[in-house]
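Asker: Following this message is one structure expressed as structure tokens.
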Amino acid sequence: MKITSLLQLYDLLAENERIITDILRQIVTAHLPSYCKEKISYNVPFFYGYKGICIIWPASIPRGGIKEGVLLGFWYGNRLPDVDGYLTHGTNKQIFYKIYTDAEQIDEQAILALLSEAVALDMKWKKGK
């Protein structure tokens, strides 16, 4: 099945995943610069500027590699300073992530710091064009 809209995605999610996904989307969309865009890619919300920035992957959507909760993954997490060590470095060499199983676990300040780092990295790619 190919998901083409947020409404279609939200209809497929359990309430807990829908709430977490919605909160994460609100944080990301409110703080990305205007040149950045959101699209449904891999059947989940994907945010990009000049290159990929981050992805929000609920466990209900196949091929995300998680069994429960919602993953917030930074596309080039391996290049982010992440001085607080907030992100998990899993088996993927590039995408570093945090998995939330409850909305109360969401640390907006930590996410904003990482988003800022990711946008700064993305801006460097513009200069390289």
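The values are calculated or read from the model by the stated rules, or taken from the named source; none is laboratory data. Not measured: the values here are computed from a predicted model. With ideal geometry, Cβ positions are generated from the backbone for all residues, glycine too; neighbour counts draw on all protein chains shown.
Asker: Checking Pro62 against (1) more than 10 Å from the chain's Cα centre (by Cα); (2) within 19 Å of Ile23 (Cβ to Cβ); (3) of a type outside the set (Val, Ile, Thr): exactly one of these is not met. Which one?
Answerer: Only one criterion in (1) more than 10 Å from the chain's Cα centre (by Cα); (2) within 19 Å of Ile23 (Cβ to Cβ); (3) of a type outside the set (Val, Ile, Thr) is unmet by Pro62, namely (2).
Asker: Test each condition in (1) modelled with pLDDT under 95; (2) under 11 Å from the mean Cα position of the chain (by Cα); (3) of a type in the set (Gly, Ala, Ser) for Gly52 and report the one that comes out false.
Answerer: Checking Gly52 against (1) modelled with pLDDT under 95; (2) under 11 Å from the mean Cα position of the chain (by Cα); (3) of a type in the set (Gly, Ala, Ser), the one that fails is (1).
Asker: Just the residues that are at pLDDT 95 or above and closer than 17 Å to Trp57 by Cα, please, taken from segment 93-106.
Answerer: Selection gives Phe96, Tyr97, Lys98, Ile99, Tyr100, Thr101, Asp102, Ala103, Gln105, Ile106.
Asker: Among the residues of segment 35-54, is any without any contact (Cβ under 8 Å) to a residue 40 or more places away in the chain and aliphatic (A, V, I, L, M)?
Answerer: Yes.
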